[in-house]
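Okay, so here's the structure we're looking at.
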Amino acid sequence: MSIFKFVFHLIILSVITGCQSDPERSQGKKIRVEWELIGNYNSDQQGATAQFSLYNESKFALNGSNWVLFFNMAPRNILPAGNTTLADVMHINGDWYKLVPRNDFSLQPGEMQELSYNFAGCYKKESDAPSGLYMVFYDDEGQETSIIPITRFTVHPFLREEQVNCSENHGNPLPFARIRYKKYEALNKPETRGPLHLVPSPQHIETKNNSFHLD
């Protein structure tokens with residue numbers, strides 16, 4: 001009988017806990033994230049610059065202590081941020097990173113916040129961008145309450161010179177259609193050849209007027 005009561009209370013506790021986490025989980029899925037490589041070279045900044053854009057489409061506010069965004073990306077050394085930023089990108093291990101808000105961070109429902117950071121080196125492919133994003137939420141005591149995958153995540157395409165070149169003097173133009181056309185427009189039209197007699201073509205062939213029949 002005591003075992004039955006224990007199992008019954010455990011089920012009730014699980015149901016209550018699940019009901020409490022459902023609203024937070026459903027609201028957490030309404031956080032939308034975008035990422036953009038601003039440029040690999042910038043006269044005003046050291047290193048390359050990238051930017052997260054957080055859109056709060058939920059009904060609760062994000063502050064400086066109730067969330068952290070985790071993600072994977074091509075490893076780069078994160079450069080020290082200034083005093084004006086509201087969140088810091090921190091390296092955890094390997095290709096694992098996190099975006100941690102500062103104390104004065106605030107993102108109310110319906111608002112958007114742009115968070116930029118600098119890193120050493122450069123990115124040249126969209127596959128280098130962050131992936132596998134998930135957000136961990138915390139209560140007022142700093143205890144983890146839920147983990148929510150970010151299902152609405154967008155990487156802005158690399159289209160500008162500063163997004164695909166590591167420096168201004170790189171010299172390789174973007175492979176747009178007009179660039180390829182200009183590169184090959186001076187080529188001569190190849191000589192028109194008639195149909196080949198044999199495939200694959202032999203090293204040498206002579207054509208004569210005689211004929212023969214194959215059954």
- Note on the structure: By the mean-Cβ-within-10 Å protection proxy, highest first, 29-38, 96-105 rank as 29-38, 96-105
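At a 10 Å Cβ-Cβ cut-off, how would you order Ile179, Ile78, fewest neighbours first? Display every interim value, and only then the final one.
Working: Ile179 12, Ile78 16.
Arranged by neighbour count, lowest to highest, Ile179, Ile78 become Ile179, Ile78.
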- Message: Just want the ordering: Asp139, Asp88, Asp128, from fewest to most Cβ atoms lying within 10 Å of their own Cβ.
- Response: Asp139, Asp88, Asp128
- Note on the structure: region 61-127 and region 131-154 have their Cα centres apart by a whole-number Å value of 14 Å
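Quick check on packing: order 62-71, 180-189, 199-208 by the mean number of other C-beta atoms within 10 Å, highest mean leading.
On the way: 62-71: 18.5, 180-189: 8.0, 199-208: 6.2.
Packing proxy ranking, top to bottom: 62-71, 180-189, 199-208.
Give me the dipole magnitude in Debye, nearest 20, for region 27-164 about the Cα centre, with unit charges on the beta carbon: positive for Lys and Arg, negative for Asp and Glu. Display every interim value, and only then the final one.
Values: 11 positive and 17 negative charges, 66 e Å.
Roughly 320 debye, rounded to the nearest 20.
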- Once both labels are modelled 7 Å past Cα along the beta-carbon direction, what's the Gln46-His156 spacing in nm? 2.4 nm
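Laboratory data are not the source of any read-out in this text; all were calculated from the coordinates shown. In this text, all values refer to a predicted model and were calculated from it rather than measured experimentally. Every residue, glycine among them, receives a Cβ derived from its backbone with ideal geometry; neighbour counts consider all protein chains shown.
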